[in-house]
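The values are calculated or read from the model by the stated rules, or taken from the named source; none is laboratory data. Keep in mind it's a predicted model, so treat the numbers as computed, not measured. Note that we place each Cβ from the backbone using ideal geometry, even for glycine, and neighbour counts take in every protein chain shown. All accessible areas refer to the heavy atoms of the entire protein, side chains included, with ligands and DNA or RNA removed. Shrake-Rupley method; radii C 1.70, N 1.55, O 1.52, S 1.80 Å.
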Amino acid sequence: MPYLELRNLTQQFGSQKALDGLNLSIEKGELVSLLGPSGCGKTTTIRLIAGFLEPTAGTVWIDGRDVTPLPPERRRVGIVFQSYALFPHLNVFDNVGFGLRAAKVPRRQIESRVHRALELVNLPNEANRAVFELSGGEQQRVAIARAVVIEPQILLLDEPLSNLDASLRQRTRQQLRELITSLQTTTVFVTHDQEEAFALSDRIALLSKGRCQQFGTARDLYDHPANEFVARFIGRANVFTLPFAAVGGDCLCLAWPSGRELRLRKPADSARFHIQAGQSCKLLLRPEKIGFEERAGTIRLFSARLLSYRFAGAWSEWEAEGEGVRLWIAHSGASPTSDGPLAVGMTKDLWVRVEDFQVLDV
Amino acid sequence: MSSPVRRPFTTAFHALILVLLLWLVLYPNAYILVQSFIGAGALTFAHYIEFFGSASEREALWNSLWISGWSVVLSGLIGVPLAFLFYRFDFPGRKVFAALASLPVLLPPLVGVISFLFLYGESGILSRSLQRWFGLREPLFSFRGAGAILFVHAYTMYVYFYMFVSAGLKRLDYTLVEAARSLGASSSRAFLRVTLPQLAPSLVGASLLTFMTSMASFSAPYIFGGGIRVLSLQIYNSKLNGDLEMAMVETVILASSSILVLLLLQRYEGTSKYRSTTKGARQPVTLVSHPLKRLLAGGAGIVTVAFLLLPHLTLFLISFAKDGTWTMEILPPRYTIENYARLLSDSSFLEPILNSLQMAALATSANFVFALVAAYLIVRQQVRGRALLGSLILLPWALPGTVLGLSLASTFNQNSLWQGRILLVGTYWLLPLAYFIRHMPVVVRAVQASFEQFDPALEEAARSLGGTWIYSVRRVVLPMVLPGALAGSLLAFVTALGEFVTSIVIYTIHNRPISIEILAQLRQFNFGSAAAYSVFLIFLIGATFVVSQKYLSDIGDGAVS
């Protein structure tokens, strides 16, 4: 049985649907990211889980119990706010001990539990400091200590790294992952940064327009995107919309804008598509699957003119044009190919493996 | 985004606040409005026809308008250059001058006016010195009529321009000026086309506020008017003469002109917000380095501040004058500390002070509680009809003191529960009630600002950590808004201590406040006692400010992250 379950969750603000029938099942101890562009409903989702909003429809279940009617203070959901929301009039100790005092835990116990929590976040000696004296990273750790010291059933983190500067973010990401893994608490992150989602979570729920577009591991989302939105959001994508040239048989026959045919093997799950003449098909081809040289199992796609070039460290990205389409090619390693270095303006043959094409939609 | 999470009592509080506002703020004014159209039990425009048919009433309206217009011009001519001088240039003593320039705020209206009387009045220190100097038989100038009123207005109301414009200058995004300069604009062109439009909201705000305050001004025309008619004074006189109908019409006309200006102000605030999109650079303060110019700027500062401090110093001096001895001399001939000793030892002298303290404390405590609840409802709960609550709370701000006095006195003059009227006229309670209503906007605004400043996530954090609503209010919400609420309440308290305009309309012998006592002493030519009361009042106000500043900055440090 899932530990945290969102059933048909809908949230309407005026005429606007922030969340539109969201379903999500999260297992105990799992680390899940809610990923999506701003306005996709991810913050609304965690506010509903925490109990700060009353859903227009749908229910929230924690550990087999419907918590929808419960106020936030009775849900045992710890939340780390984007702004951290540390109480400025209280010092570090009182911030972390706030929940324990509210629960009337004996003073002695509060002390030992707060100190243990501060040790956990690696701030053992900061108990008496004022929160505004702390650095951004320290404030974040106090916010985490404050949320976990009450031993929540669910831990929610709203854009936990967005208030840190870029260099600190990299380092903190790793520490955060280790810390949360050691807690073994079921955790939901909100982020708009896919790298952050990849690094922090076991599974990712990609949200757009108030709906879950796909829920799976990072690899699932990258390799088998459920639709064009997922394909374009995760990593770089070449998406082609091509009309069918012929229908029937084992073959998916499509036509490039120039008229030249592209023959692909029908995908195993092609039953879900209703292929008809006159319709078109959306194809995904990742930039790194395209090569400038023939290798075993590859076919010649077409020859394309190189339009522009961008150096990106281990990779270089090329923009190319051929058969009436533009596409991105990610080229690894040293730039020269067997017949000399690549340069803008050249016309090169492109090689792909047929199975690297994925049908997104018909 | 705020989150209404099942907070209890909201509806009950909301209803309570709304009922209080409708009953105490809207009802008395609506009552006056309706009554002004009723004559002999029927609907009539007779009172208005009488008003506009009377030359003296038309004159009063016209005087109020033109005096207010000129008050705006004169206050602006003093306040704006001062703000530029103290906030754009650096020279020795700049910070001290900058702080002292807002000093007239501390002066309660009546106290300000009588200090002018001692200084510039017919037998004032300055007038007599000049008369003696030039060997004249008559005073050089007579400090009476419209000129005197304008002088007092300019002296007290330039502060609005000074404070608004200096705040505007502090906010000014200097990168805009730099952008204009880099696009080829000369420095004067950049000033006209970039700086000035950015200051426009400050200038318009200060102008409207000055206009409103001048329209409502009572003390200056009352003391210095010399028979000149203005609306605020007409109301008082009509009431004294028992012509209640005319007083009501005058009230309605004065109140509606004030409300009109307030609406303009709000509309202007709503439409033109010059908010910088990015964090801009602050205007660097220009260091005046040329020695002569430094001397000039410093000199200008000293002269200005001396001029501003003169009334305070005069009051201080005269507060030691022995009552009844100062007649024809430039300065009082004999001095004594008797005036102060009597204030504190003689119970009949002490009574007005105790009255004022008690009534101000009562009204302010009510303001404090009311403001906490009202601001919470408006900012945090986003209750329905917030706009209505907000405007009702703002209404007393737009109403001149005489208007408030008259409307309360006309409404709460009989026991008639089914009409929502109770008998308060002639009792102790009407004046504290008036103070409460008058200062409601200030306190609510202050608390509202504190609520708006603090992150709603703090309250949510408290809830998700297991705190109940009451627990989170007690341990998070209250500590966070307390500095703002206290600051607002203290401001209300000191204003109530020196309140004069409403008091003179509705005080009784049971609750005679300080300001009325000052006037009474003045009437008996006990200048020393009147000044001693005034100094004592200034001292109380100053002390309250100093203590509160210190206390508030102590807890304020903890509240700023």
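A few notes on this one:
- Every residue from region A:44-94 that is within 12 Å of chain B (Cβ to nearest Cβ), out of contact with any strand residue (DSSP E or B) (no Cβ under 9 Å at 6 or more places or on another chain) and among the aromatic types (Phe, Trp, Tyr): A:Tyr84, A:Phe87
- Restricting the first member to region B:342-358 and to residues that are closer than 19 Å to B:Thr544 by Cβ, and the second to residues that are part of a helix (DSSP H, G or I) and acidic (Asp, Glu), the beta-carbon pairs closer than 9 Å and six or more apart or on different chains are B:Pro352/B:Glu517; B:Ile353/B:Glu517; B:Asn355/B:Glu517; B:Ser356/B:Glu517.
- Some residue of region A:251-258 being of a type outside the set (A, V, I, L, M, F, W, C), closer than 27 Å to A:Ser332 by Cα and either buried (at least 19 other Cβ atoms within 10 Å of the Cβ) or at pLDDT 80 or above (or both): no
- Pair list, Cβ under 8 Å, 6 or more apart: region A:37-50 residue under 17 Å from A:Pro152 (Cβ atoms), other residue surrounded by fewer than 23 Cβ atoms within 10 Å (Cβ to Cβ) and among the hydroxyl-bearing types (Ser, Thr, Tyr): A:Arg47/B:Ser3
- For region A:20-37, filtered to residues that are part of a strand (DSSP E or B) and either of a type outside the set (A, V, I, L, M, F, W, C) or not assigned by TED's automatic domain parsing to the domain that holds A:Ser201 (or both), the residue that is least open to solvent (accessible area, probe 1.4 Å) is A:Ser33.
Residue-by-condition table, conditions (1) buried (at least 20 other Cβ atoms within 10 Å of the Cβ); (2) at positive phi; (3) not in a loop (DSSP other than H, G, I, E, B):
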position	(1), (2), (3)
B:Val204	no, no, yes
B:Arg229	no, no, no
B:Ile235	yes, no, yes
B:Ser238	yes, no, yes
B:Glu250	yes, no, yes
B:Ile259	no, no, yes
B:Leu264	no, no, yes
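- Residues located in region B:544-561, provided they are open to solvent by less than 40 Å² (accessible area, probe 1.4 Å) and modelled with pLDDT of 70 or more: B:Thr544, B:Ser548
- If you check B:Ser54, B:Ser64 for being among the hydroxyl-bearing types (Ser, Thr, Tyr) and crowded, with 16+ Cβ neighbours inside 10 Å, only one passes: B:Ser64.
- Exactly one residue among A:Asn91, A:Asn95 is under 20 Å from B:Ala461 (Cβ atoms), open to solvent by 10 Å² or more (accessible area, probe 1.4 Å), touching a residue at least 24 places away in the same chain (Cβ under 8 Å) and of a type in the set (S, T, N, Q), and that residue is A:Asn91.
- Residues considered: A:Pro69, A:Pro55. Of these, the only one that is open to solvent by 50 Å² or more (accessible area, probe 1.4 Å), outside any strand (DSSP E or B), over 15 Å from A:Thr186 (Cα atoms) and modelled with pLDDT of 90 or more is A:Pro69.
- Subset of region B:1-33 [surrounded by fewer than 13 Cβ atoms within 10 Å (Cβ to Cβ) and modelled with pLDDT of 90 or more]: B:Val19
- If the condition is being part of a loop (DSSP other than H, G, I, E, B) and surrounded by fewer than 16 Cβ atoms within 10 Å (Cβ to Cβ), then region B:411-421 contributes B:Asn413, B:Gln414, B:Asn415, B:Gly420.
- Residues satisfying the stated conditions in region A:146-183, i.e. over 20 Å from A:Val32 (Cβ atoms) and either in a loop (DSSP other than H, G, I, E, B) or open to solvent by less than 60 Å² (accessible area, probe 1.4 Å) (or both): A:Arg146, A:Val149, A:Ile150, A:Asn163, A:Leu164, A:Asp165, A:Leu168
- Single residue of region B:171-200 satisfying the filter (under 30 Å from B:Pro109 (Cβ atoms) and at pLDDT 80 or above) that is surrounded by the most Cβ atoms within 10 Å (Cβ to Cβ): B:Leu199
- Within region A:104-145, tally of residues that are in a loop (DSSP other than H, G, I, E, B), open to solvent by 30 Å² or more (accessible area, probe 1.4 Å) and either more than 12 Å from every other protein chain (Cβ to nearest Cβ) or touching a helix residue (DSSP H, G or I) at 6+ places or on another chain (Cβ under 7 Å) (or both): 8
- When region A:184-214 is limited to residues that are open to solvent by 40 Å² or more (accessible area, probe 1.4 Å) and part of a strand (DSSP E or B), the one that is nearest to A:Ala226 (Cα to Cα) turns out to be A:Gln213.
- Of residues in region B:215-225 being more than 14 Å from B:Leu262 (Cβ to Cβ) and not β-branched (Val, Ile, Thr), the one surrounded by the fewest Cβ atoms within 10 Å (Cβ to Cβ): B:Gly225
- Close contacts from region B:467-479, counting a first residue that is without any contact (Cβ under 8 Å) to a residue 40 or more places away in the chain and a second that is of a type in the set (Phe, Trp, Tyr) and not in a helix (DSSP H, G or I), with Cβ to Cβ under 7 Å and a gap of 6+ residues or different chains, come to B:Val476/A:Phe87.
- Of all residues in region B:80-139, those that are of a type in the set (Ser, Thr, Tyr), modelled with pLDDT under 80 and over 22 Å from B:Glu517 (Cα atoms) total 1.
- Test: residue in region B:379-389 that is touching a residue at least 24 places away in the same chain (Cβ under 8 Å), of a type outside the set (D, E, K, R), part of a helix (DSSP H, G or I) and closer than 21 Å to B:Ser529 by Cβ: no
- Helices (runs of 4 or more DSSP H) fully within region B:82-197 counting 1 or more residues that are without any contact (Cβ under 8 Å) to a residue 12 or more places away in the chain: B:94-100, B:125-134, B:145-171, B:174-182, B:187-190
- Subset of region B:148-188 [of a type in the set (A, V, I, L, M, F, W, C) and farther than 30 Å from B:Phe116 by Cβ]: B:Leu172, B:Leu176, B:Val177, B:Ala179, B:Ala180, B:Leu183, B:Ala185
- Selection within region B:500-543 - touching a residue at least 60 places away in the same chain (Cβ under 8 Å), open to solvent by 10 Å² or more (accessible area, probe 1.4 Å) and not in a helix (DSSP H, G or I): B:Tyr507, B:Thr508, B:His510, B:Arg512, B:Phe525, B:Asn526
- Hey, A:Gln82 under 17 Å from A:Ala147 (Cα atoms), touching a Ser or Thr at 6+ places or on another chain (Cβ under 8 Å) and open to solvent by 60 Å² or more (accessible area, probe 1.4 Å) or not: yes
- Output for region B:480-499, where each listed residue is open to solvent by 10 Å² or more (accessible area, probe 1.4 Å) and within 12 Å of another protein chain (Cβ to nearest Cβ): B:Met480, B:Leu482, B:Pro483
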